[in-house]
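Undergrad: Structure below; questions to follow.
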Amino acid sequence: MAVLKLRSTIWQGLCTASAALRHLLGFEQVVIVMIDADNIDPALVPTVLLEAGSMGAISAKRAYRSGESQKWRQVAVEHALDLRVVANAVPRKNSADIALAIEAASVVARRRRGILCVASSDTDFIHLAHHARSMGWTYVGCGAADGNEALQRACTRFIPLESPTRDRGARRRARERRQKAVQARIVRLIRGLADTSGWTSVEKLREHLNTHYEGPNGRPISRTHMRRLLDRIEIVELSGPRGRRARLRA
């Protein structure tokens, strides 16, 4: 029993010494994240960090920006980013990009290998990608999916990022398509349920629609929501107390 305990102690000591030696000699794989805060939407930071964290333990998270931003300050606090504001001595200069490239090159030079994750769609970092890879590093780029192809090819791996603004636009267009489909269904129902005079009950329309369509948040369409839907259709005319009947305009 004592011998087994001694062997376990010796093995733990050797593992600790090996890890320390690997760290000292630069053999340990690390992940360094550098974000071009002039080029990347702050809302994409969680995605960048999630992707980088899937590759290994992140040892540094830095963001570079040429001016102050309350939004970026907030994101930096939330995600423990080292936000570095690099003021431009002359307007329209890219001091933040240069600072990022210099510090990245310095990190690459100090270690034998690692993973350098740079979040930017700026083609100025193509040369940084080539340099990092020539030094034995894995260069992971994060940027716009429809960005420059030369930048994407320069990376060991490229991770496309979808703009939150574009996502919101896609959701808005999807809602508009869904609304048009519902309006078309309402028009067809009015034609099918109308009496000889062309009128039909709004409540009957609502009941039929609820069997084929879910309202907001997956709930049945309420009377208020039904009225709003009918009000948006230009060719629909309402009549009676509180618009209880509907027909298609001639």
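Undergrad: Within a 10 angstrom radius of the beta carbon, how do Glu203, Glu51 rank from fewest other beta carbons to most? Spell out each step's value before the answer.
TA: Working: Glu203 12, Glu51 17.
With the fewest neighbours first, Glu203, Glu51 line up as Glu203, Glu51.
Undergrad: Fewest first, what order do Ile102, Ile58 take by the number of other Cβ atoms within 10 Å?
TA: Working: Ile102 11, Ile58 16.
The fewest-first ordering by Cβ neighbours comes to Ile102, Ile58.
Undergrad: Something else about it: Taking amide hydrogens as modeled 1.01 Å from N in the peptide plane, which residues meet the under 5 Å criterion relative to Ala145, leaving out close sequence neighbours?
TA: HN-HN under 5 Å from Ala145: Leu161.
Undergrad: Right, another one. Most exposed first by the Cβ proxy, i.e. fewest other Cβ within 10 Å, how do Lys180, Lys204 rank? Please report the intermediate quantities before stating the final value.
TA: Numbers: Lys180 11, Lys204 14.
Fewest to most other Cβ atoms nearby, the residues stand as Lys180, Lys204.
Undergrad: Between Glu149 and His127, what FRET efficiency follows from the Cβ-Cβ distance if R0 is 22 Å, with the result rounded to 0.05? Each step should come with its number before you reach the end.
TA: Details: r = 16 Å, r/R0 = 0.73.
Efficiency, rounded to the nearest 0.05: 0.85.
Undergrad: For Val236, enumerate residues with amide H under 5 Å from its amide H, sequence gap 5+ or separate chain, H modeled in the peptide plane.
TA: When sequence neighbours closer than 5 places are left aside, the close amide H contacts are Arg249.
Undergrad: So, one more: Which whole-number percent of Cα pairs in the stretch 28-162 have a distance greater than 27 Å? Each step should come with its number before you reach the end.
TA: Values: 1032 of 9045 pairs.
So the portion of pairs separated by more than 27 Å is 11 percent.
Undergrad: What residues qualify as long-range amide H neighbours of Val86, i.e. H under 5 Å apart, gap of 5 or more or another chain, H built at 1.01 Å from N?
TA: The answer is Arg65, Ser66, Gly67.
Rule-based calculations on the coordinates, nothing more; no lab input. Being a predicted model, the structure only gives us computed values, none of them experimental. Using ideal geometry, Cβ is built from the backbone for each residue, glycine included, and neighbour counts are taken over all protein chains shown.
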